[in-house]
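A short write-up of the structure that comes next.
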Amino acid sequence: MIKTVITFFKDLWYNRRLIVSLSVNDFKTRYAGSMMGVFWAFVQPVITVLVYWFVFEKGLRAGRQAMGGVEVPFVLFLISGLVPWFYFSDAWPNGTSSLISYSYLVKKVVFKISILPVVKVVASIYVHIFFVCLTLVIFWAYGHAPDLYSLQVVYYSFATFILVLGLSYITSSIVGFFRDLSEIINILMQILVWVTPIMWNIETALSDGILKTILKLNPMYYIVSGYRNALINKHWFWETPRLTIYFWAVALGVMVLGFLIFKRLKKHFADVL
């Protein structure tokens, strides 16, 4: 098992330039048929933020949110949760469809198909980088200037990358045999966006300690709360050791499982695609 994981990482490192090249091309071609091109990649998340902000703050009268003793406008609470979610919700479905999208490469004997899920996950990170920068600017405009704590956004982005990559290896291996998996993931995303939680504050909305604990078992809770700890609460990630250890145990476990499933089913990919 350890040998399999090491071999995968060696392949990724050896093909790093090809991965970057393919990911940039994938990002561009995703919007190649439209007049405004990659501009649409940035418009949809912005519109989503504005709609949620209007519905919750203006419609449902969601006021300032208390985070670790710090009160912030709802828009800051909202965007700090949505930005990592945008990356996760874009990268996982794209990673799942990586082998199907590049089926012509899967059938090439000499091509390292193990890099294809990575290409898709990396392609989604370009928009994420833009929104992280935009988030920092918005926080600055509201009087929360970036500081050393804000650098943890890089750490939490990397944590999201590892989690979604592991999931993508699992689902991209299976989706060729079970095409309905893509639709199941889309439904799962609609559920996860509400139970993570992103648009509501788990600390003030729930009094049931058991229910809170269950919801915190969701790995994306660690990511979302981490962004808010970095940008709002000003806490370091090592200040939540149990949650940090739990997340990395799950993320690395998913990654290893993904590598093993991918290796086991690899010889059948060309037949089912």
For segment 1-22, give me each residue that is of a type in the set (K, R) and at pLDDT 85 or above. R17
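For (1) touching a residue at least 12 places away in the same chain (Cβ under 8 Å); (2) in contact with a Gly (Cβ under 9 Å, 6 or more places away or on another chain), each residue gets a yes or a no:
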site: K120; (1), (2): yes, yes
site: C133; (1), (2): no, no
site: L136; (1), (2): yes, no
site: L163; (1), (2): yes, no
site: E183; (1), (2): no, no
site: T213; (1), (2): no, no
site: N218; (1), (2): yes, no
Please tell me if F158 is closer than 13 Å to M255 by Cβ and without any contact (Cβ under 8 Å) to a residue 24 or more places away in the chain. yes
Out of the residues in segment 160-191 meeting the condition of being surrounded by fewer than 21 Cβ atoms within 10 Å (Cβ to Cβ) and among the small types (G, A, S), tell me which one is farthest from T48 (Cα to Cα). G176
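Within segment 227-240, does at least one residue satisfy the condition of being of a type outside the set (D, E), surrounded by 20 or more Cβ atoms within 10 Å (Cβ to Cβ), under 15 Å from the mean Cα position of the chain (by Cα) and modelled with pLDDT of 90 or more? Show your work before the answer.
Of all residues in segment 227-240, those of a type outside the set (D, E) come to 227-238, 240.
Cutting the leftovers down to surrounded by 20 or more Cβ atoms within 10 Å (Cβ to Cβ) gives us 227-232.
After this cut, where a residue has to be under 15 Å from the mean Cα position of the chain (by Cα) as well, the list is 227.
Then drop every residue that is not modelled with pLDDT of 90 or more, which leaves 227.
Yes, segment 227-240 contains at least one residue that is of a type outside the set (D, E), surrounded by 20 or more Cβ atoms within 10 Å (Cβ to Cβ), under 15 Å from the mean Cα position of the chain (by Cα) and modelled with pLDDT of 90 or more.
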Does segment 126-147 hold any residues that are open to solvent by 50 Å² or more (accessible area, probe 1.4 Å) and under 25 Å from I19 (Cα atoms), and which are they? Y126, I129, F130, C133
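Every residue in segment 197-215 that is open to solvent by less than 60 Å² (accessible area, probe 1.4 Å), part of a helix (DSSP H, G or I) and within 27 Å of M255 (Cα to Cα), please. Steps first, answer last, please.
Applying the first criterion (open to solvent by less than 60 Å² (accessible area, probe 1.4 Å)) to segment 197-215 yields 197-199, 201-202, 206, 209, 212, 215.
Now narrow it down to the ones that are part of a helix (DSSP H, G or I): 202, 209, 212, 215.
If the condition is that a residue be open to solvent by less than 60 Å² (accessible area, probe 1.4 Å), part of a helix (DSSP H, G or I) and within 27 Å of M255 (Cα to Cα), then K212, L215 are the ones that fit.
Residue check: is S150 touching a helix residue (DSSP H, G or I) at 6+ places or on another chain (Cβ under 7 Å), open to solvent by 30 Å² or more (accessible area, probe 1.4 Å) and over 25 Å from W13 (Cα atoms)?
Details: touching a helix residue (DSSP H, G or I) at 6+ places or on another chain (Cβ under 7 Å): yes; open to solvent by 30 Å² or more (accessible area, probe 1.4 Å): no; over 25 Å from W13 (Cα atoms): yes.
No; evaluated as a whole, the condition is false for this residue.
Among the candidates W248, W194, which residue alone is farther than 29 Å from T48 by Cα and assigned to a helix (DSSP H, G or I)?
Details: W194 fails: farther than 29 Å from T48 by Cα.
Testing whether each residue is farther than 29 Å from T48 by Cα and assigned to a helix (DSSP H, G or I) leaves just W248.
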Of the residues in segment 23-38, those that are at pLDDT 75 or above and farther than 30 Å from V256 by Cα number 2
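The values are calculated or read from the model by the stated rules, or taken from the named source; none is laboratory data. Treat the numbers as computed from the prediction; the structure is a model and nothing was measured. Here Cβ is always computed from backbone atoms with ideal geometry, including for glycine, and neighbour counts include all displayed protein chains. Only protein heavy atoms, including side chains, enter the accessible area calculation; ligands, DNA and RNA are left aside. Shrake-Rupley method; radii C 1.70, N 1.55, O 1.52, S 1.80 Å.
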